[in-house]
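First the structure, in the form of structure tokens, and then the observations on it.
Every number here is computed from the coordinates shown, using simple stated rules; none is lab data. These figures come from a predicted structure and were not determined experimentally. All Cβ positions, glycine included, derive from the backbone under ideal geometry; neighbour counts span all protein chains shown.
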Amino acid sequence: MSAQDRIPLTRPTIDDATIAGVVEVLRSGWITSGPKVKEFEAQLSQYCGGRPVRAFNSGTCTMEIALRIAGIGPGHEVITTPLSWVSTSNVILQVGARPVFVDIDPTTRNIDLSRIEAAITPATRAIIPVDLAGLPVDRDALYLIAKKHQLRVIEDAAQSFGSNWHDKPIGTTGDFVSFSFHANKNITTIEGGCLVMNTEPESRLAEQYRLQGVMRSGYDGMEVDVPGGKFNLTDVAARVGLGQLPHLDEFTEKRRALAQQYFKLLSSHQELGLQLPVADFKHSNWHMFQIVLPESRLKINRAQIMASLDSAGIGSGVHYPPIHLFALYRRSGWKEGDMPHAEYVGRNILTLPLYPTMTTMDVERVVNALVTILQANIRSD
Ligand SMILES: *Cc1c(COP(=O)(O)O)cnc(C)c1O
């Protein structure tokens, strides 16, 4: 690779066997939901310790369906984090419930569990925590609160497939667990997701919501008793997922090693005042490596830093602007100052490239470019 090659923010790793497998599915005469989806679900269920798992065409719809299965709708409140992909709270609006944001812990950047109880009202029905960048929310503390207040939990684990909580993979324990297999996630089906549930009746209901509410029996029996949608995964997509699963551990290890390299190189630049992520090499799958820029010392803004990185052939991203400040949410009364930690982090967070085929030399190039840009544009104090 020449020094001129672009380092993207992320890229999927699809091996030749998977590509050949996809071609086989395309030639098989059965390209939408069929045997490959069933096989993918069986492998996901095995990964999740035998729990019921159903695959869908996005991670987003799995959370919406979990809310519907839990009977959550108008008049209900769901507690969640403001620092996530807007999907996390849009699904709460979709079912007619009210999202209640609880500020983040600025160190983990996940929902601050110690603030949840103060946000619980008689209308609260569920909590949707997010494992931002793959760093798991403390499951022990989370489920203590949920049990005490009889709340359902829908774990938005879109970013934490491959992470674990005290050696138990995320997905093997807990209430509903939602994973996304979007192209940028640690394993992908291009677009897709899955929902881990507790019981077979929940799983059957999930199948109904997945496809127009339909229940079939015998050769010609059909009944519809819930308003389902169009959320089924194709066999082509499932075949991509089947080709990804065997690489999960290898992908995670690679990401961890690259994150370690970021720490090693960035820790010799304390003078820049960057906030690094929690150095967790036990639980996190390192879905992303995110730094928080030193707002008060910068002579240029984040967009200018991103533009300079871009000119150096380096991708970067923002995950995420705080949800409660989007127009849709401001309209229900959320405003600046409501979530000071999420607002500060949301303004200053920057995601650096991290993907399994990246090299430690790529990490070095990213850090060198970033340090050069910052050193030229930072006030010393
Ligand atoms: C990706 C993502 C989702 C949504 O997943 P899709 O498959 O794109 O619908 C939800 N929450 C978080 C935190 C995500 O990163």
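What does the charge add up to near Ala158, with Lys and Arg as +1, Asp and Glu as -1, over the other residues with Cβ less than 10 Å from its Cβ?
Working: positive: Lys185; negative: Asp131, Glu155, Asp156.
Here the charged neighbours net out to -2.
Packing, taken as the mean count of other beta carbons within 10 Å per residue, orders the peptides 180-186, 137-143, 120-126 from highest to lowest as 180-186, 137-143, 120-126.
Given R₀ = 51 Å, FRET efficiency for Arg347-Lys230 by Cβ-Cβ distance, to 0.05?
Values: r = 37 Å, r/R0 = 0.73.
Efficiency, from the Cβ-Cβ distance: 0.85.
Against the chain, whose longest principal axis is taken from its Cα atoms, helix 248-266 shows a tilt of about 20°. Using 0.36 nm per residue and subtracting the Cα-Cα separation, the extra length available between Tyr143 and Asp5 on full extension is 45.1 nm.
Simple rule: put +1 on each Lys or Arg Cβ and -1 on each Asp or Glu Cβ in the chain, find the dipole, and look at Val37, Ser84, Val153; the Cα lying farthest toward the positive end is Ser84. Across the range 16-246, the mean sequence separation of Cα contacts (distance under 8 Å, 6 or more residues apart), normalised by length, yields a relative contact order of 27 percent. Length gained on full extension, Asp16 to Val214: 67.6 nm, using 0.36 nm per residue less the C-alpha separation.
Which order, highest average first, do 211-219, 154-162, 109-117, 171-179 follow once you tally other Cβ atoms within 10 Å for each residue and take the mean per peptide? Don't jump to the answer; show the numbers that get you there.
Values: 211-219: 11.8, 154-162: 29.0, 109-117: 19.2, 171-179: 23.4.
Descending packing order for the listed peptides: 154-162, 171-179, 109-117, 211-219.
For the range 154-292, the fraction of C-alpha pairs farther apart than 28 angstrom is 34 percent.
Can you compute the charge dipole magnitude of the chain about its Cα centre, using +1 on each Lys and Arg Cβ and -1 on each Asp and Glu Cβ, nothing else charged? Give it in debye, rounded to the nearest 20.
Values: 37 positive and 40 negative charges, 97 e Å.
Here the size comes out at about 460 debye.
Which translational diffusion coefficient, to the nearest whole µm²/s, is obtained for the range 248-375 from the Stokes-Einstein equation, given a Kirkwood hydrodynamic radius over C-alpha pairs, 20 °C and 1.002 mPa s? Don't skip to the end; give the middle numbers.
On the way: Rh = 15.8 Å.
Answer, rounded: 136 µm²/s.
With Cα atoms as the point set, the chain shows a radius of gyration and Dmax of 21.4, 76 Å. Listed by chain and number, the aspartates and glutamates placed with their C-alpha closer than 14 angstrom to that of Lys299 are Asp381; residues fewer than eight positions away on the same chain are left out. Distance from the alpha carbon centroid of the range 5-53 to that of the range 309-381 works out to 31 angstrom. Dividing the summed helix terms, -39500 (n - 2.57) for each DSSP H run of n ≥ 4, by the number of residues in the chain produces a 222 nm estimate of -10500 deg cm²/dmol to the nearest 500.
Can you give the alpha-carbon Rg of the range 191-245 over 2.2 N^0.38 Å, where N counts its residues? Before the final figure, lay out each step's value.
Working: Rg = 13.1 Å, N = 55, 2.2 N^0.38 = 10.1 Å.
Normalised Rg, Cα atoms only: 1.30.
The local environment of His341, defined by Cβ-Cβ distances under 14 Å, has a net charge of -4 under the rule Lys, Arg +1 and Asp, Glu -1. For Lys36, the lysines whose Cα falls under 23 Å of its own Cα, not counting residues fewer than eight places away in the same chain, are Lys185, Lys230.
The label point for Ala123 and the one for Leu328, both projected 7 Å from the Cα toward the Cβ, are 1.9 nm apart.
The alpha-carbon atoms of the range 1-114, seen along their principal axes, cover 49, 45, 27 angstrom, with the largest extent given first. If I fit a long axis through the Cα atoms of helix 16-27 and take the longest principal axis of the Cα atoms of the chain, what angle between them do I get, 0 to 90°, rounded to 10? In the chain, helix 16-27 runs at an angle near 30 degrees to the longest axis. Placing unit charges on the Cβ atoms of the charged side chains and taking the dipole of the range 248-375 about its Cα centre, the candidate lying farthest along the positive direction among Ser316, Leu354, Leu298 is Leu298.
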